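Notes follow once the structure below has been shown.
Readers should treat all values here as calculations from the given coordinates under stated rules, not as data from a laboratory. Since we're looking at a predicted model, the values are computed, not measured. Neighbour counts are summed over all protein chains in view; Cβ atoms, including those assigned to glycine, are modelled from backbone coordinates with ideal geometry.
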Amino acid sequence: MDNFIVSARKYRPATFNTVVGQAHITNTLKNAIKTGHLAQAFLFCGPRGVGKTTCARILAKTINCTNRTENTEACDKCESCESFNSGASLNVSELDAASNNSVDDIRNLVDQVRYAPQLGTHKVYIIDEVHMLSQAAFNAFLKTLEEPPKHAIFILATTEKHKIIPTILSRCQIFDFNRIQIEDIASHLAFIANSENITAEKDALHIIAQKADGALRDACSIFDQIVSFAGNNVTYKDVIDNLNILDYDYYFKVTDSILNSNISTALLIFNEILNNGFDGHNFVAGMGDHFRNLLVSKDPETLQLLEVGSNIKDKYKDQSGKCSLTILIKGLTILNKTDISYKASKNHRLQVELALMQLCSLTSIGNEAEKKNDIGLQLKASTAPITAKSAASAPIEKPKAESFSTSLPIQKAAPVAENATVVKKPLIKTATPSINQHLNTEIKTDKSKEENPTQNNSSQPKNNFTQQQLESAWNKYANEQKEKGKTNLSTNLLNKKPVLTEGTIIEFAINNKAIEETINEDKITFLGFLRKELSNYSIQLNLVMISIEDKTNLYTATDRYKRLAEKNPLINKFKQTFDLDIEF
């Protein structure tokens, strides 16, 4: 059996022109070689699988090439290039800092730097994962990195730039590698598939590129895995089955049910997704991406932000035309909130289903808003001024009978002058009140009845009562509240006695806002108890705030100290003599 070489190694770029998605790096390095402005140290940093080590090897190979092309590329024919391609070049030394991170390893490297190259002009030292070096190793490397011999060039590569000490960063030219775009990865995979005589659908390659998350090496590994699964014919279905990715069709179907306000269909599709083994959180995140793609598809200028295959892009264009901008923005808000609160929820399925119900309700809410706008426009049109002649010639319409009666007197219309302008006001029928309005009306009515029980109720008893009877009923209510667990309210009521003033007005003295708020929260129930207990529904309760001078309670240590110092001035002298502080 032939030795299999993975695509990431077999199709690894060998020249600057074949590096994928890093043109800003390769152009700078080629110009530096062409003009002879090579630094003594480079730092290549960026995410995994984007070409850091590859560019370092290409740079080392091109520097020592004796017959470079006009495009500043290695010729692959000279002795230096052939030795590099065979892995026998003595001018290029690679060090893995993950396993060689001690001071002794750096000292050995520094000892090798002194020797000049036997073939070529430069010796290149590539240190991969340089952030793994210890603090002592970094310090041992500083002097050599700053002033190396003329023939030595250091290329450091790392995925975690923030872990490298500033003294190392200041001695290097820093190159930041970008994540590779999805289109670039898909094009490179198409090149590999063509070279290997593999038929691959464009949508399938786009899915692989999205799954790779900007890393070309990961994309090549996934591609090899799919080829092992599907053979030489890679389809979109093979990719989503093997990588356990939710099909785009599900998102399109759910969106159609949302546009049709069909809650049952949306819930059934979600149930099918769960039965296929997919996670609800991934579905929510996917729906968020789907709504984002629909929003991007509505404007031709932002269509370039859509990173999907051509077939799927056409589907997005068609469905985005059916979606209003308001629905997409509100839908994104709902999905974003669901994504944030998903992990905190105990019932994950209900969380997603509730979001689907809200999404399906967006269309009906939008239609109602449009109807209201249409009614508003019609009302504005109906209020246009008309002349007296046209008003006189117009037939008099009898008002339709309403379902409610009114006791208001009917006023006769005043005579209209001949040249007067008459503005016809529309007869607007009161809309059906909502549940919240109905409840608020009932609550207001109940409160008004409890606060003013004598209104429209002349038959209520108004028996006289004494101060002793008032205190007895007062204490009875306070003790009942204590048994119910309202200790704070009970204590405040029992703290002072109520005073019966003129007629049925009760005054109760308080000394701070907290007590006032506590009593006011229970005032309606309290008044009802007193009126029923004392058989007098004219009782009113007034809370009287005592001024600050009348307060005798000292709440802080500073207040108590000041009061003591006023009574005995020697306390201040005692405090200053022994340098004492007030204990809080």
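So, R0 is 56 Å and r is the distance between the beta-carbons of residue 135 and residue 543; what FRET efficiency does that work out to, to 0.05?
Computed FRET efficiency for residue 135 and residue 543 comes out at 0.20.
Take residue 88 and residue 190, extend 7 Å from each Cα along the Cα→Cβ direction, and tell me the distance between the two endpoints in nm.
It works out to 4.1 nm between the two label points.
Which whole-number percent of Cα pairs in region 1-77 have a distance greater than 21 Å?
Considering region 1-77, 30 percent of its Cα-Cα pairs are separated by more than 21 Å.
Positive end of the charge dipole of region 142-263 (Lys, Arg +1 and Asp, Glu -1 on Cβ, about the Cα centre): tell me which of 164, 151, 261 has its Cα farthest that way.
Comparing the listed Cα positions along the dipole, 151 ranks first.
Rounded to the nearest angstrom and ordered from largest down, what semi-axes does the equivalent ellipsoid of region 467-550 get from its C-alpha gyration tensor (root of 5λ)?
So the three semi-axes of region 467-550 are 19, 17, 11 Å.
To one decimal place, what orientation-averaged projected area in nm² is obtained for the convex hull of the Cα set of region 7-176? Display every interim value, and only then the final one.
On the way: hull surface 37.4 nm².
Dividing the Cα hull surface by four gives the mean projection, 9.4 nm².
How many nm separate the modelled label positions at residue 77 and residue 241, each set 7 Å beyond the Cα in the direction of the Cβ?
5.0
Of the lysine pairs in region 248-366, how many meet both conditions: Cα atoms under 13 Å apart, and a spacing of 8 or more in sequence or different chains?
Lysine pairs, 8 or more places apart or on different chains, close enough: 5.
Which one of 358, 332, 310 has its Cα pushed farthest toward the positive end of the charge dipole of region 248-366, where Lys and Arg give +1 and Asp and Glu give -1 at the Cβ?
Comparing the listed Cα positions along the dipole, 358 ranks first.
Note down the nm distance, to one decimal, between modelled labels 7 Å out along Cα→Cβ at residue 361 and at residue 341.
According to this spin-label approximation, the distance is 1.2 nm.
Calculate I(q)/I(0) for region 182-242 by the Debye formula, one identical point scatterer on each C-alpha and no solvent, and give its log10 at q = 0.12, 0.14, 0.19 Å⁻¹ to two decimals.
Values, matching the q order: -0.21, -0.28, -0.54.
Students often check this: by mean Cβ neighbours within 10 Å, which of 329-338, 69-78, 215-224 ranks highest, and how do the rest follow?
215-224, 329-338, 69-78
Could you tally the net charge around residue 147, taking each other residue with its Cβ under 14 Å from the Cβ of residue 147, Lys/Arg +1 and Asp/Glu -1?
Result for the neighbourhood of residue 147: +3.
Return an integer: the convex hull volume of the alpha-carbon atoms of region 239-303, in Å³ per residue.
Cα convex hull per residue, to the nearest whole number: 89 Å³.
Using the Cα atoms of region 248-366 to build a convex hull, what is its mean projected area in square nanometres?
Quarter of the Cα hull surface area: 7.1 nm².
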